[in-house]
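See below for the structure under consideration.
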Amino acid sequence: MRIGLDLDNTLICYDRAFLAVGKDEGLLPTSFEGGKAAIKKALLAERADGFLWERLQGLVYGRRIDAAVLFDGVPDFLGLCRQRGADVLVISHKTELAHHDPLSTNLRQAALRWMDRQGLFASTGLERDNVYFEATREGKVRRIGALGCAMFVDDLADVLTDAGIPAGCRKILFGGDPHDGLEHCATWRDVSHAIFPGR
């Protein structure tokens, strides 16, 4: 069985990173409180062209990615996959370079280094060669099909409902709100129970 997983906001949790990095980098006032949606709204209100929001995204996904954390339950899920002999593939829609970054940080290399530091390659059985980056959502969807994923877990309903996803691929929406027609799991514990019932 081949299980495909998204990376950003599915394995990697940026909830606290946006607020911390925004304040550290002077993009948000130190008194600001709120989650990602509130931060995006505030930065777009300040600059409607999206520069500030895109700059913060580039920092959080790039050279400040260490402010992010692994979602609870991911190591346990990957351990179950290894026990059950499932192949795990990470397929991410991620450009190479960060927006508005004078250092031209390579986002893909930053993500791989973060995964390594989290022990995902050393202790969970995830293979570095099984991590794929695509420049577009369409490329990501094609890769899911080309690699023969029996199921795919993603936080974006737009990916899972894309017509390019093979009909036989089980689609699991992670986190956020449920979506009509999609299996939904709020946590990685829920994902584990859904894929490996009665474990």
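The values are calculated or read from the model by the stated rules, or taken from the named source; none is laboratory data. All figures in this text were calculated on a predicted structure; none of them were measured in a lab. Backbone-built Cβ (ideal geometry, glycine too); neighbour counts: all protein chains shown. With ligands, DNA and RNA removed, areas are computed over all heavy atoms of the protein, side chains included. Shrake-Rupley method; radii C 1.70, N 1.55, O 1.52, S 1.80 Å.
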Failed criterion for Gln83 (all others in (1) within 16 Å of the chain's Cα centre (by Cα); (2) at pLDDT below 95 hold): (1)
Long-range neighbours under 7 Å by Cβ, at least six apart or interchain, first residue within 21 Å of Phe77 (Cβ to Cβ) within segment 9-22, second open to solvent by 20 Å² or more (accessible area, probe 1.4 Å) and among the aromatic types (Phe, Trp, Tyr): Leu11/Phe71; Cys13/Phe71
Any chance Asp129 is open to solvent by 20 Å² or more (accessible area, probe 1.4 Å), free of Cβ contacts under 8 Å to residues at least 12 places away in the same chain and more than 18 Å from Leu7 (Cβ to Cβ): no
Residues satisfying the stated conditions in segment 53-85, i.e. more than 19 Å from Leu19 (Cβ to Cβ) and part of a helix (DSSP H, G or I): Val74, Pro75, Asp76, Phe77, Leu78, Gly79, Leu80, Cys81, Arg82, Gln83
Test: residue in segment 120-138 that is part of a strand (DSSP E or B), at negative phi, out of contact with any Ser or Thr (no Cβ under 9 Å at 6 or more places or on another chain) and modelled with pLDDT of 95 or more: no
Per-region count, segment 175-199, residues open to solvent by 70 Å² or more (accessible area, probe 1.4 Å), in a loop (DSSP other than H, G, I, E, B) and touching a residue at least 40 places away in the same chain (Cβ under 8 Å): 1
Residue within segment 141-149 that is small (Gly, Ala, Ser), open to solvent by 60 Å² or more (accessible area, probe 1.4 Å), on the phi < 0 side of the Ramachandran plot and not in a loop (DSSP other than H, G, I, E, B) present: yes
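Please go through segment 7-27 and give me each residue that is open to solvent by 10 Å² or more (accessible area, probe 1.4 Å) and outside any helix (DSSP H, G or I), ordered by number.
Residues satisfying the conditions are Asp8, Asn9, Cys13, Glu25, Gly26, Leu27.
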Condition broken by Ile172, with the remaining ones in (1) under 19 Å from Cys13 (Cβ atoms); (2) surrounded by fewer than 16 Cβ atoms within 10 Å (Cβ to Cβ); (3) β-branched (Val, Ile, Thr); (4) free of Cβ contacts under 8 Å to residues at least 60 places away in the same chain satisfied: (2)
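Check Ala98, Ala45, Ala111, Ala67 and return the single one that is over 21 Å from Arg2 (Cα atoms), within 16 Å of the chain's Cα centre (by Cα) and either without any contact (Cβ under 8 Å) to a residue 40 or more places away in the chain or open to solvent by 20 Å² or more (accessible area, probe 1.4 Å) (or both).
Numbers: Ala98 fails: either without any contact (Cβ under 8 Å) to a residue 40 or more places away in the chain or open to solvent by 20 Å² or more (accessible area, probe 1.4 Å) (or both); Ala45 fails: within 16 Å of the chain's Cα centre (by Cα); Ala111 fails: either without any contact (Cβ under 8 Å) to a residue 40 or more places away in the chain or open to solvent by 20 Å² or more (accessible area, probe 1.4 Å) (or both).
Answer to the check: Ala67.
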Condition check for Val88: open to solvent by less than 30 Å² (accessible area, probe 1.4 Å), β-branched (Val, Ile, Thr), assigned to a helix (DSSP H, G or I) and touching a residue at least 24 places away in the same chain (Cβ under 8 Å): no
